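Notes follow the structure.
The values are calculated or read from the model by the stated rules, or taken from the named source; none is laboratory data. Note that this is a predicted model, so its numbers are computed, not measured. Reconstructed Cβ throughout: ideal geometry from the backbone, glycine too, with neighbour counts over all protein chains shown.
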Amino acid sequence: MFLRLVNPHPQCTTASMTTRSRGSSLRQPAQQNRPTRWRRFHVLMRLSLGERNPAANQDGRVLEQTENLLTHLERRRPVDEKCPKMFKYAWFGDLVTPVWWEDVWLKEGFAHFFEYVGTDFLFPKWNMEKQRFLTDVLHEVMLLDGLGSSHPISQEVEQAADIDRVFDWIAYKKGAALIRMLANVMGQPLFQKGLNDYLLSHMYSNAARDDLWSKLTQAMRSEGRDIDIGEMMDRWTLQMGYPVVTISKNQSEQLPTHYITVTQEHFLYGEEVRNNLSLQWQVPLTVAVGNASSVCLESLIWINNRTESHRIGQMDDNTWLLGNINQTGYFRVNYDLQNWKLLIQQLHNNPQIISVGNRAGLIDDAFNLARAGYLPQGVPLQLIGYLPEETSFLPWHAASRALYQLDKLLDRTDDYRLFSVNNRSIMIHDYVLKQVASRYHQMGWPTNGPGTEGNILQASYQTEELQRELIMLACSFGNKQCHRQAVAYISDWISSNKNRCSTHVSEAIPPNIRDIVYCTGVSLMDEDVWEFIWMKFHSTSAVSEKKILLEALTCSDNTFLLNRLLNLSLTSDLVPEQDVIDVIIHVGRNPQGRNLAWKYFRDKWEILNARYGEALFMNSKLIGGVTEFLNTERELNELKEFIQSSGVGAGPALPRALEIVEGNVRWHRLHRRHFYQWLRKPQSSTYG
């Protein structure tokens, strides 16, 4: 699907791209020999960017992306997807520019989507579009877009003040997800044909989204497929949110067993705000029918109404249904409880029957459906019981993110403390560690011996990422062997630093897990380790290493040190101005520091808003990061009071934060008891 177009960024040139003169054919094929990898960026603008005002929207975003690139390089993770993104900005932004700001999402969405498609073209084994796109883009943006405070991806812009708000993760990531869905509906050849016709027709001029829909519709009809792309996509771009599609075997005596019933409704986390019955979508639903030994893919089913019945094939009591194959669609899928039970049995008995993308999708959907009240709380926990048999990174990554969110919801509750030892919950932590233990011990820790430094492909990317994910889960949820290993790494590093002013980083600690080791060491060891990391933070000149060290300082259980770090970050020049937000956010993610960060944020709001208020991107990141895990009635009331007294000028971030905290409080009120009841049951029991 990678469009073979002229290269507007010579620093990203590869052997497979041919640079042609302005106005030459856009359809000219690239050379056939794929390069072994992109040419690395030789110059990164960290010094100049570091001196610029982080309150400027684009500067702040570029600075963050630049530092992320440095971190990726240091951790031996692929950064090559950034070059395809720059290519696509040249075509969907420069060559053809949106007529008006309401269509900015097209430019940003295409650029974001082709980060993954372009990288797949160069490195097929990385599976970026079919796998990492799911957790990095799709799952992330669906969290935001499932809120009642979300907005349509195409927003009216009537005055200059409206422009900033069209640049958010809805534009970037939902745009990419919708383009990916459309590409899969059309198929690669027709999608590429429509895009090329669009670019050729509007090159060096402006175009609106309807111009693109028209060209894509023409491409479809040229092959006899009468689908109006504009009519379909308007439902997704002019309405907020997305649907949850519920699939169930037909229970009616009037219809035979090879029919299914499909319903759609607007997915919202807030059970008390699901009163908008007017939103409907044209849903491109793919469905698989499977059993213990095989799976049969069905053709595309269009869902246009709230409830429909469709013929799907003969089914019996042991046949399960699976919707949204490989999560190409921008919606969640729910099932009747019997079908969930069959899917869980399949995962426990033979998970490979279900694709890795769908295994990750089932985990993400189940946890989010349960959190929103569509599913019993035990379903996602029972689902991840198969993880000891999971050998792929993506499902582990989806589970890790869901468990992290759940742990943060519970880490200050009475039940959590009641069933805890050394401030660790026996029930939830032991349940997670039971899933992690066997795979963690099998994978072990990465080596970093002589001759391995700099070998970015030493292990396969997927293997390296899986190993990192397992180490992070094991250390975060209290695996003693993981703790001992991290402490040993830190102790050896300190012992080897006879000169405490040395700027040398620890070569013994593999770069891709340094953040885990540093954080674990700081949380478990004494104040001297914190001081050592603080000294290293000041002495190193590597931007990526400084970010990791600074984040590690926020992992301490010592509230005095956390308070000291907060005060130093804002009132001195010891912490770079662009890193202050990250310090406050990460202290707030630490259960020992959450109250400190929340109070500090409110006390220093005038200073913070004066410094970052003009940068809605950074201000939104700060507000969301500090408030996302507040979950008590007291904290909710404090947030309401804060908004009433200081909320002017913060854009949509404060209303969104209020909705998230209200959702956290609601989950505790409605579902926490059921969650703990399920954990108390024998793990072989059924849904609770």
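Overview of values
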| read-out | value |
| --- | --- |
| Residue in the range 473-487 that is nearest to residue 513 (Cα to Cα), counting only those that are among the aliphatic types (A, V, I, L, M) and either crowded, with 21+ Cβ neighbours inside 10 Å or in contact with a Pro (Cβ under 9 Å, 6 or more places away or on another chain) (or both) | 486 |
| Test: residue in the range 588-609 that is under 20 Å from the mean Cα position of the chain (by Cα) and surrounded by 22 or more Cβ atoms within 10 Å (Cβ to Cβ) | yes |
| Some residue of the range 328-348 being free of Cβ contacts under 8 Å to residues at least 40 places away in the same chain and among the hydroxyl-bearing types (Ser, Thr, Tyr) | no |
| Unmet requirement for residue 298, which otherwise passes all of (1) under 16 Å from residue 280 (Cα atoms); (2) without any contact (Cβ under 8 Å) to a residue 40 or more places away in the chain; (3) not β-branched (Val, Ile, Thr) | (1) |
| Options 201, 149; residue that is surrounded by fewer than 21 Cβ atoms within 10 Å (Cβ to Cβ), modelled with pLDDT under 85 and on the phi < 0 side of the Ramachandran plot | 201 |
| Single condition residue 581 does not satisfy, out of (1) free of Cβ contacts under 8 Å to residues at least 24 places away in the same chain; (2) surrounded by 19 or more Cβ atoms within 10 Å (Cβ to Cβ); (3) of a type in the set (Val, Ile, Thr) | (1) |
| Subset of the range 540-576 (residues that are farther than 22 Å from residue 611 by Cβ, of a type in the set (Gly, Ala, Ser) and out of contact with any Lys or Arg (no Cβ under 9 Å at 6 or more places or on another chain)) | 541, 542, 556 |
| Test: residue in the range 547-569 that is in contact (Cβ under 8 Å) with a residue 60 or more places away in the chain and over 30 Å from residue 643 (Cα atoms) | yes |
| Elements of type helices (runs of 4 or more DSSP H) contained in the range 339-414, each with 2 or more residues being surrounded by 23 or more Cβ atoms within 10 Å (Cβ to Cβ), in the same structural domain as residue 439 (by TED's automatic domain parsing) and touching a helix residue (DSSP H, G or I) at 6+ places or on another chain (Cβ under 7 Å) | 378-383, 393-410 |
| Failed item in (1) assigned to a loop (DSSP other than H, G, I, E, B); (2) closer than 16 Å to residue 594 by Cα, with residue 541 passing the rest | (2) |
| Some residue of the range 301-310 being modelled with pLDDT under 95, crowded, with 21+ Cβ neighbours inside 10 Å and of a type outside the set (Phe, Trp, Tyr) | no |
| Hits in the range 114-143 (condition: without any contact (Cβ under 8 Å) to a residue 60 or more places away in the chain, under 13 Å from the mean Cα position of the chain (by Cα) and surrounded by fewer than 21 Cβ atoms within 10 Å (Cβ to Cβ)) | 136, 140 |
| Of residues in the range 99-144 being out of contact with any Phe, Trp or Tyr (no Cβ under 6 Å at 6 or more places or on another chain) and acidic (Asp, Glu), the one modelled with the highest pLDDT | 140 |
| Residues of the range 294-351 satisfying the condition of being among the hydroxyl-bearing types (Ser, Thr, Tyr) and on the phi > 0 side of the Ramachandran plot | none |
| Filter result for residue 612 (modelled with pLDDT under 95 and buried (at least 20 other Cβ atoms within 10 Å of the Cβ)) | yes |
| Leading residue by the ranking (nearest to residue 142 (Cα to Cα)) among those in the range 172-187 that are buried (at least 24 other Cβ atoms within 10 Å of the Cβ) and of a type in the set (Gly, Ala, Ser) | 177 |
